[in-house]
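Okay, structure first, notes after.
Throughout, read-outs are computed from the coordinates displayed, never taken from laboratory work. This one's a predicted model, so the numbers in the text were calculated from it and none came from an experiment. Cβ atoms come from the backbone with ideal geometry, glycine included; neighbour counts cover every protein chain shown.
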2 protein chains.
Amino acid sequence: MSGISDVARLAGVSKSTASRALSGSGYVSEKTRAKVQKVAASLGYVPSTNAASLVTGRTRNVGVVIPYLHRWFFAEVLEGVQSALLERGLDLTLYDASPGTEARRRIFEDFLARKRFDGLIAVGLEPEDHELEQLLRIGRPVVSVVGSGPATTVIGIDDDDAARRATQHLIALGHRQIAFVGGGSSRWASVDRRRLTGYRSAMAEAGLTELASHIPSEVTLPGGYAAAVDLLGASPTRPTAIVAVCDEVAIGAIIAARRLGIRVPSDLSVVGIDDHEYAEMFALTTLRQIPREQGRAAVALLEAQLDDPASGPTQVASTARLIVRASTGPVDDRHSVMQSDPRPGIDHVM
Amino acid sequence: MSGISDVARLAGVSKSTASRALSGSGYVSEKTRAKVQKVAASLGYVPSTNAASLVTGRTRNVGVVIPYLHRWFFAEVLEGVQSALLERGLDLTLYDASPGTEARRRIFEDFLARKRFDGLIAVGLEPEDHELEQLLRIGRPVVSVVGSGPATTVIGIDDDDAARRATQHLIALGHRQIAFVGGGSSRWASVDRRRLTGYRSAMAEAGLTELASHIPSEVTLPGGYAAAVDLLGASPTRPTAIVAVCDEVAIGAIIAARRLGIRVPSDLSVVGIDDHEYAEMFALTTLRQIPREQGRAAVALLEAQLDDPASGPTQVASTARLIVRASTGPVDDRHSVMQSDPRPGIDHVM
DNA sequence: TTGAAAGCGGTACCAC
DNA sequence: GTGGTACCGCTTTCAA
C-alpha cells in the first residue's frame, strides 16, 4: 500500500506538491503534475479517504435513512440516490430504519451521531418529534424524499393533487360509488393522509361527500388484496370504482376482483398512484411518479447545500401525470352488459 | 464537538488513559474508568471513527455489493445483512452493481479500491473473471451469498436439490408434461442454471427426459407472466405443470393462467422456489429459503474471518424446505372434471 | 496503573 | 511554483 509520501519520493517532489498535483488544488506546474500523476498511476496509488477526511472534515459519504427496502417506491428512490452519488464519486451508507424497531432507535441514537457522512437523505422517514430533533442536532444537511421534515429540504409529488385527479378521472367516467383503499390501518404515513384528503376534496367538489368511504389496509400488495376481498366480497352496495393509495394496493385490489369474478373495468374501475413496475402488466390506470428521479434530485439538492451551507431548505413538489390504461372505464349501470372482449382490462399485455 | 482530549482534561487524566478507559482495552483502574466514562457521557463525546480507523486500520464498516435492489430475494438479504451489522455496531456501505452497467465498472474500478470497509459481502454477484480478480486484489475478506465465488466464502441453498424436489413433487402428483420456466433469456445466473439442472435430473430419473422443456424468461414477475402467456396460450400440447425458477416467475405464471381461464391447480400446477412474501396470497407451493437469514449468516461468517484472518473460505449450503400450498395438485387427465370449489387454488386466502 | 510522545496518511498554511 | 511543517483525533508502544 503506497502512500502519498511514496509517490512524492519517486516523483522527486515534496508531499505537499504531490498532494496538490493529485487533488488538483493549488499551483503546480503542468510538468510536475504530469510526472506525479504518472508515478501515482504506476504505483496504483489510492488516497486514503480516511486521512483526508480527518483533516478536511469532509467524508465524501452520504447517509441514507430509509424505513423499507422491499417496497417499490423506496427501492427505486434508493437506486436513484445510489446512481447519482456514484457519478459524483460519493459513497452511500445505508441505514434501514423500520418504524418502531429497536434498530431504528439505535440508528438515531448511535449511528447517526457518529457523523460518518457529509449529509443525509431521508426517504419517506416520517420522523417522530424526538427523532427529528436528533436529526437536526447532527448539524449536517438533510434532504427528505417524501415524508415530513420541517427545517429540511423536502422533495416529492403533490400527493393531494394526485389523489384528487385520480378521483376526478373516475368521476368524469360517471362513477359515484368510489372508495378509497389503503392506509390508516397501523401507522398513518403523512403521504397516505394527503392522498386521502385529495380524494375527499374531489368527492366533495362533485357533491359526493356522502358516498366517500375509506377502507383501511396495509400499504402493500397483499394488504390491498385483503382489503378488496372484504370490500368487494361482502358489501351489498359494492363500489363501482376504487382509488388506491398506491399501485401496490391497486394491484392487490385488481387481483382480488379477478378472483371474485368481478371484471375490471366493466364491473369495477381501479386507479392507483405510482406507475409501479407491474402497472403495465395489470393495465393499471395510474398517476405516474418517478421515484428514481426523486432520488437523483435529492442528491443534487444535497450537493447544493453542501457546496453552499447558507442555502436554506427548499421544498420541491412535482406533479404526477395521469396514465390512462385499461383498469378504468365508464361506469356501467346495467351490470349485465355482454362482454365482447374475453379479456377485458388487458389490452397492453406485455 | 468535544474530542478525547477534552474528556481527558476534564477527567484529570491523560489522553492515553482516557482512550483505554473508553475503548476498554488496557489497564485502567475501575475508579478512573468510571470517572472518564461519566465525563464522556456528560460531554456527549462521540469518538471519531475516522481518526481511529487511521491508526488501527479497521473501519468498522462493511461493504455490500448487490446487483438488484428491487428483487425480493436481494432486498431480503440486504435487510438481514443490515440488521446483523447494526447489532454489531458496524456501518454498511452499499454498492449497487447492476450487471453490465457503467456504474458497476466504476464500483469495481474505483470505489472498491478505496477499501473503505473491513470486508465485503457480495449478494448474487456472479462476478466476471476480471471482476473476481479485482475483488481478491482488494485483500479483504469476501463473503458471497449465492452467486459464484471461488476463493471466497459462499452461502446459499442447494439449488440443484431444491429444483429437483420441486419437480419430484409434481411427478409424485402424476404430472409428466412439466415445463421449467425462467432464466436464460439474457444473462444466465449460475443459480438459475443449477435449478434447471436439478429439474432436468429429476425428469431424467423419472424417465421423462423427452418431455423436459425449458421456457426462458426474465427472472421477474412480469417475465414469468409473459413467458406463461406464450406457453399456455399458444402451445397445443400445454404442460400440466410448471416448475418456476423462483416464486416471482411462478406468481407471474399463475396470474397468466388465471387471465387465460386456466384453473390452478386443476388445469395447471405451479411450484416455485423462495417462499416470496406474496406466496401465501397466491397459495403457491414452493421450496422455502429464508434470504434474511442468509444475510445474517453472511455477516457472522465475515466477522469470523475478520477476527481470525487465517480461517479460510467456507461453503455453506442449507436445504430448502417444501411448503405445499394449493397451487399444486394431482394431474387430471379428463380435463373436464366438475369443479365443486368455485375458487380452486386459494384455500389460504389472507 | 498511568503519562508522554510518536505516528496513522493526508491537507493546508506559510515562507521561500 | 514548491517545500517545510503543523495538525486533524485517535491508538499504541514505551517508560516511569
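One table, with the values for the structure above:
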read-out: Residues with amide H under 5 Å from that of B:ARG60, placed H, sequence gap 5 or more; value: B:ASP118
read-out: Nearest 10 degrees, 0 to 90: helix A:30-43 Cα axis against chain A principal axis; value: 70
read-out: Distance between the range B:290-311 and the range B:133-186 - C-alpha centres, whole angstrom; value: 19
read-out: Highest-first arrangement of A:184-191, B:164-171, where packing means the average Cβ count within 10 Å; value: B:164-171, A:184-191
read-out: Gyration tensor verdict on chain B (Cα atoms; rounded if a/c is under 1.5, prolate if a/b is larger than b/c, oblate otherwise); value: prolate
read-out: 3J(HN,Hα) from dihedral phi, the range B:69-80, Karplus parametrisation 6.51/-1.76/1.60, rounded to Hz, x for glycine, proline; value: 9, 8, 9, 3, 3, 5, 4, 5, 4, 4, 5, x
read-out: Copies compared at A:SER5 - label distances in nm, ascending, label defined 7 Å from Cα in the Cβ direction; value: 2.1
read-out: Charge sum, other residues only, whose C-beta stays under 14 Å from B:ASP110's C-beta, Lys/Arg counted +1 and Asp/Glu -1; value: +4
read-out: Mean-position separation - Cα centroids, the range A:95-129 and the range B:8-35, in angstrom; value: 30
read-out: Calculated from backbone phi, Karplus (6.51, -1.76, 1.60) coupling profile of the range A:273-288 in Hz, x at Gly/Pro; value: 9, 2, 6, 4, 4, 8, 4, 5, 4, 9, 6, 7, 6, 7, 9, 7
read-out: Order of A:LEU302, A:LEU208, A:LEU268 - criterion: other Cβ atoms within 10 Å of each residue's Cβ, fewest first; value: A:LEU208, A:LEU302, A:LEU268
read-out: Amide H within-cut-off set for B:ALA122, under 5 Å, with H built and near neighbours excluded; value: B:VAL65, B:VAL143, B:SER144, B:VAL145
read-out: Within-9-Å neighbourhood charge of A:ALA279 [Cβ basis; K, R +1; D, E -1]; value: -3
read-out: Charge-dipole axis of the protein assembly as shown as Lys and Arg at +1 and Asp and Glu at -1 on Cβ define it, positive-most pick from A:PHE117, B:HIS130, B:PRO236; value: A:PHE117
read-out: Cα long-axis angle, helix B:221-234 against chain B (0 to 90 degrees, to the nearest 10); value: 10
read-out: Amide proton proximity set for A:VAL316, modelled H, under 5 Å, gap of 5+; value: A:VAL154, A:ILE155, A:GLY156
read-out: Per-residue Cβ neighbour rank within 10 angstrom, fewest leading, A:ASP91, A:ASP247, A:ASP308; value: A:ASP308, A:ASP91, A:ASP247
read-out: Label 7 Å beyond Cα on the Cβ vector: A:ALA51 copy-to-copy distances, nm; value: 1.8
read-out: Within chain B, helix-based [θ] at 222 nm, where runs of 4 or more DSSP H residues each add -39,500 (n - 2.57), nearest 500; value: -12500 deg cm²/dmol
read-out: Point-charge dipole on Cβ atoms (K/R +1, D/E -1) for the range B:140-296, about Cα centre, debye to 20; value: 120
read-out: Per-residue Cβ neighbour rank within 10 angstrom, fewest leading, B:TYR278, A:TYR27, A:TYR199; value: A:TYR27, B:TYR278, A:TYR199
read-out: Which listed pairs, of A:LYS31/A:LYS115; A:LYS35/B:LYS15; B:LYS15/B:LYS115, have C-alpha distances above 32 Å, in listed order; value: A:LYS31/A:LYS115; A:LYS35/B:LYS15
read-out: About the Cα centre, charge dipole magnitude for the protein assembly as shown (Lys/Arg +1, Asp/Glu -1 at Cβ), debye; value: 2060
read-out: Debye, to nearest 20: dipole size of the range B:4-56, +1 on Lys, Arg Cβ, -1 on Asp, Glu Cβ; value: 160
read-out: Whole-Hz couplings from phi, Karplus 6.51/-1.76/1.60, listed for the range B:95-100; x for Gly and Pro; value: 10, 8, 10, 4, x, x
read-out: Formal net charge of residues neighbouring B:GLY207 (Cβ-Cβ distance under 14 Å; K, R +1; D, E -1); value: 0
read-out: Fluctuation leader among A:HIS214, A:HIS175, A:HIS130 - chain A, Gaussian network, Cα springs under 10 angstrom; value: A:HIS130
read-out: C-alpha long axis of helix B:190-205 to longest principal axis of chain B, angle in °; value: 40
read-out: Copies compared at B:THR32 - label distances in nm, ascending, label defined 7 Å from Cα in the Cβ direction; value: 4.6
